[in-house]
Amino acid sequence: MIDPAAHLIHMRATAPLVHNIANYVSMNVMANVLLAAGASPAMIHAREEAAEFAAIAHALSVNIGTLSPPWVEGMAEAASVMTAAGKPWVLDPVAVGATAYRRRVGADLLALGPRVIRGNASEIMALAGATSAGKGADAADEVAAAENAARALARSTGAVVAVTGPVDFVVDGDAAWRVSNGDPMMTKVTALGCALSALVAAFVAGQAAGEAAGPATVAALAFYGLAGERAAAGAAGPGSFAVRFIDELHAITPADLRAGARVAAA
Amino acid sequence: MIDPAAHLIHMRATAPLVHNIANYVSMNVMANVLLAAGASPAMIHAREEAAEFAAIAHALSVNIGTLSPPWVEGMAEAASVMTAAGKPWVLDPVAVGATAYRRRVGADLLALGPRVIRGNASEIMALAGATSAGKGADAADEVAAAENAARALARSTGAVVAVTGPVDFVVDGDAAWRVSNGDPMMTKVTALGCALSALVAAFVAGQAAGEAAGPATVAALAFYGLAGERAAAGAAGPGSFAVRFIDELHAITPADLRAGARVAAA
Amino acid sequence: MIDPAAHLIHMRATAPLVHNIANYVSMNVMANVLLAAGASPAMIHAREEAAEFAAIAHALSVNIGTLSPPWVEGMAEAASVMTAAGKPWVLDPVAVGATAYRRRVGADLLALGPRVIRGNASEIMALAGATSAGKGADAADEVAAAENAARALARSTGAVVAVTGPVDFVVDGDAAWRVSNGDPMMTKVTALGCALSALVAAFVAGQAAGEAAGPATVAALAFYGLAGERAAAGAAGPGSFAVRFIDELHAITPADLRAGARVAAA
């Protein structure tokens with residue numbers, strides 16, 4: 001039985017330094033999500049320093065949304081440092097099926113050993129080699145249809161795989177869960193998926209290699225989805241929703257999360 | 001007679017995938033504007049994939065706000081794909097008169113055949129080769145003074161040219177319109193001009209080469225300006241205005257737009 | 001005796017064109033802070049045009065948050081132009097102590113003669129060569145502990161040095177001040193420190209070489225902190241705080257600032 005509140009308490013108590021190599025669209029939102037939730041964000045991407053900074057970070061998130069060769073070098077260097085040190089990093093394979101370049105980079109990063117992979121159904125299917133009707137970063141496939149791909153990807157990589165959508169699906173070895181928190185308004189604000197991957201990094205920060213990352217991932221998803229639900233209540237549209245969402249990430253207490261999380265074994 | 005509501009209905013019904021190669025300041029706002037209005041944004045710039053992605057997009061917006069040589073390569077490749085495929089793309093020549101580099105890049109992109117060019121008075125005058133007192137991205141010249149430049153630019157390029165300011169001016173071949181929706185508060189929030197260019201791309205998405213892009217451009221401008229008017233009413237300043245603006249882009253119905261659009265032939 | 005209101009009046013009356021070479025996380029916020037306060041922002045970084053644009057700007061801010069070699073080239077070219085022309089520029093040494101690359105770039109930029117240096121305690125100590133427990137961009141050291149480093153740095157460079165934190169410390173030659181405006185919520189929103197450095201650039205814009213930049217820097221800090229205090233009153237969390245903060249930068253009058261500034265000689 002997962003207790004998401006315990007993970008939230010731990011994350012806030014440790015305020016992990018999360019190193020993010022993300023995309024241009026999401027960096028500001030990602031930093032604000034991490035700050036509001038209680039983590040400490042840093043964005044550093046250049047090959048000249050990414051590895052050195054990764055060495056002092058507690059977790060890393062890598063996001064290929066607006067990738068280019070110099071950034072991919074920094075991603076690979078930082079990810080390698082984390083894996084070698086047994087520290088967790090999260091891969092967000094944004095629109096990985098959309099171009100050949102993206103597929104190649106996705107495969108290269110996958111080989112570097114992410115602890116968690118978080119994407120929408122299209123992205124997880126593309127990364128697993130399944131067919132996908134990917135269109136940009138939208139979730140064109142149903143989450144359910146991606147569950148097989150997620151299980152296969154988890155098996156082949158040893159990573160926790162989280163497929164997010166109307167209902168999230170998380171698989172960690174033989175265990176799997178569904179998280180049904182969230183609100184459709186979350187799809188009307190850009191970069192909320194990217195920022196979630198960074199928040200997952202904050203929740204798994206400090207975990208040693210071999211420790212099960214699934215429960216912490218589930219906790220992050222439930223917390224995030226609950227913030228979305230609470231923010232949507234009373235929002236006049238996606239603009240005010242986004243503001244209220246950050247407020248909620250800051251306001252939600254462990255007791256709120258314990259009462260509001262909707263997690264079930266799958 | 002232009003019916004802006006019909007264009008809004010069409011855009012929302014098709015939810016076009018708009019590929020944007022934009023600047024670092026505007027990408028987040030641009031994505032949120034497109035999402036709130038009902039389109040589907042994607043930001044992909046690297047030479048390694050820009051052309052491949054353009055091939056699946058329904059429209060492209062190119063913005064030179066924070067340009068550098070690798071980005072210009074991606075812009076040129078994506079724009080060429082769109083033009084070759086007869087798909088529309090919009091050029092936003094941010095501060096094009098400010099430096100020699102910017103003037104050169106602006107001229108190079110112009111030669112690739114944008115369907116629409118949207119800028120402030122200074123920018124359109126600079127692009128047309130007229131003299132301009134450009135200072136950054138501010139509109140230092142009156143819109144009226146730029147109308148001749150816009151007509152000349154439209155004639156020499158075959159593109160629709162939109163000069164935005166207190167009153168917008170749009171020219172498409174022999175036809176021209178003025179759109180008087182909007183609010184001065186829109187000039188106090190960064191990147192709203194950039195995001196408008198991307199929204200114009202969403203409105204002209206799907207149009208074949210040779211189809212008149214002027215009416216769809218006018219519709220986008222009226223819709224955007226109406227959102228600005230409605231957001232300004234009750235805003236406490238530029239911060240709350242920006243939030244309400246996104247809400248309004250999501251909330252405005254075709255009936256609202258039909259009632260509120262202020263468009264006149266010019 | 002510093003009159004912050006006089007500096008605010010001057011900044012708004014001149015609406016200086018502030019050229020910023022900043023980081024990806026902060027550019028949007030920075031532009032909105034400058035616009036709301038009354039200045040005119042521009043973000044231009046490429047080596048191909050940074051120097052040419054600096055020549056027409058009234059002030060420059062340089063921020064190393066997400067640096068990489070091509071950006072550092074643009075920073076150095078623009079800073080050199082400003083120094084050669086006797087125009088002011090502000091250095092924001094984000095997380096300068098975190099990596100060897102960052103320390104090297106920080107030292108190189110320092111040698112180009114910034115008029116003002118603004119950082120948190122860790123950053124100022126790292127730049128001054130003092131020991132620091134820097135972790136990302138957080139203020140791990142007490143401001144008080146950094147005052148000696150600030151005095152030393154001001155002496156060795158001739159720059160005004162501003163250490164911001166719960167109480168800000170500004171040193172300009174033999175004069176020094178403490179500014180106690182502000183609110184802890186300001187640390188829960190990303191990029192507010194970066195944007196403050198750009199606002200300092202707006203306040204010192206137009207000052208000739210040799211003119212004392214300390215009072216204008218102090219005025220910018222008091223204005224910014226007062227906006228933070230007013231925004232925090234009634235904010236539901238960091239999301240709504242950030243919105244209200246921009247509103248307050250726009251709303252605060254010189255009389256408000258005269259009444260609310262808390263500045264003392266140090």
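The values are calculated or read from the model by the stated rules, or taken from the named source; none is laboratory data. Just so you know, these numbers come straight off a predicted model, no measurement behind them. Because the Cβ atoms are built from the backbone with ideal geometry, glycine has one as well, and the counts that use them run over all protein chains shown.
Within the range A:154-180, can you find the residues that are out of contact with any Lys or Arg (no Cβ under 7 Å at 6 or more places or on another chain) and among the charged types (D, E, K, R)? A:Arg155, A:Asp172, A:Asp174, A:Arg178, listed by residue number. Taking the criterion of being touching an Asp or Glu at 6+ places or on another chain (Cβ under 9 Å) and under 20 Å from B:Gly74 (Cα atoms), the residues of the range B:89-99 that qualify are B:Asp92, B:Pro93, B:Val94, B:Ala95, B:Val96.
Looking across the range A:227-266 at every residue that is within 17 Å of A:Ala5 (Cα to Cα) and of a type in the set (Val, Ile, Thr), the one that is nearest to the chain's Cα centre (by Cα) is identified as A:Val263. Looking at the range A:98-108, which of its residues are part of a loop (DSSP other than H, G, I, E, B) and touching a residue at least 12 places away in the same chain (Cβ under 8 Å)? A:Ala98, the sole residue that qualifies.
Scanning the range A:43-86 for residues that are touching a residue at least 60 places away in the same chain (Cβ under 8 Å) and touching a Leu at 6+ places or on another chain (Cβ under 9 Å), we see that the one that is nearest to the other protein chains (Cβ to nearest Cβ) is A:His58. When each of B:Val29, B:Val81 is tested for being modelled with pLDDT of 95 or more, β-branched (Val, Ile, Thr) and either more than 16 Å from the chain's Cα centre (by Cα) or not in a helix (DSSP H, G or I) (or both), the lone residue that passes is B:Val81.
Just one of the numbered conditions (1) among the β-branched types (Val, Ile, Thr); (2) assigned to a loop (DSSP other than H, G, I, E, B); (3) crowded, with 24+ Cβ neighbours inside 10 Å is not true of B:Val90; which one? Single failed check for B:Val90: (2). Scanning the range A:205-214 for residues that are small (Gly, Ala, Ser), at negative phi and in a loop (DSSP other than H, G, I, E, B) returns A:Ala205, A:Ala208, A:Ala209, A:Ala212, A:Ala213. Just one residue in the set C:Ala121, C:Ala154, C:Ala100, C:Ala146 is over 18 Å from the mean Cα position of the chain (by Cα) and either farther than 14 Å from C:Asn20 by Cα or at pLDDT below 95 (or both); that residue is C:Ala100.
Restricting attention to the range C:1-26, report how many residues are in a helix (DSSP H, G or I) and either touching a Gly at 6+ places or on another chain (Cβ under 7 Å) or not aliphatic (A, V, I, L, M) (or both). Result for the range C:1-26: 6. In the range B:43-56, the count of residues that are of a type outside the set (Phe, Trp, Tyr), closer than 22 Å to B:Gly225 by Cβ and not in a loop (DSSP other than H, G, I, E, B) is zero.
Is it fair to say A:Ala95 is assigned to a loop (DSSP other than H, G, I, E, B), facing another protein chain (nearest Cβ under 10 Å) and farther than 23 Å from A:Asp172 by Cβ?
Criteria met by A:Ala95.
Note on the range C:98-112: residues that are crowded, with 21+ Cβ neighbours inside 10 Å and more than 14 Å from chain A (Cβ to nearest Cβ) amount to 1.
The single condition among (1) touching a residue at least 40 places away in the same chain (Cβ under 8 Å); (2) of a type in the set (Gly, Ala, Ser); (3) farther than 16 Å from B:Ile124 by Cα that B:Ala227 does not satisfy is (1). Checked against the criterion of being more than 30 Å from A:Glu147 (Cα to Cα) and more than 8 Å from every other protein chain (Cβ to nearest Cβ), the range A:236-247 has no qualifying residue.
If I ask for residues that are in a loop (DSSP other than H, G, I, E, B) and surrounded by fewer than 23 Cβ atoms within 10 Å (Cβ to Cβ), which ones from the range A:182-199 would you list? Of everything in the range A:182-199, just one residue is in a loop (DSSP other than H, G, I, E, B) and surrounded by fewer than 23 Cβ atoms within 10 Å (Cβ to Cβ), namely A:Asp183. When B:Ala202 is tested against (1) closer than 26 Å to B:His19 by Cβ; (2) in a strand (DSSP E or B), exactly one condition is not met: (2).
Which residue out of A:Glu73, A:Glu48, A:Glu52 is in contact with a Gly (Cβ under 9 Å, 6 or more places away or on another chain) and surrounded by fewer than 24 Cβ atoms within 10 Å (Cβ to Cβ)?
A:Glu48
Selection of the range A:248-266 for residues being modelled with pLDDT of 95 or more and more than 14 Å from chain C (Cβ to nearest Cβ) yields A:Pro254, A:Ala255, A:Leu257, A:Arg258, A:Ala259, A:Gly260, A:Ala261, A:Arg262, A:Val263, A:Ala264, A:Ala265. Just checking, does the range C:215-234 include any residue being outside any helix (DSSP H, G or I) and touching a helix residue (DSSP H, G or I) at 6+ places or on another chain (Cβ under 6 Å)? No. Annotation: of all residues in the range A:174-226 being within 30 Å of B:Ala242 (Cα to Cα) and hydroxyl-bearing (Ser, Thr, Tyr), the one that is nearest to the chain's Cα centre (by Cα) is A:Ser197.
Here A:Arg12 passes the criteria (1) surrounded by 20 or more Cβ atoms within 10 Å (Cβ to Cβ); (2) within 14 Å of chain C (Cβ to nearest Cβ); (3) not small (Gly, Ala, Ser) except the one numbered (1).
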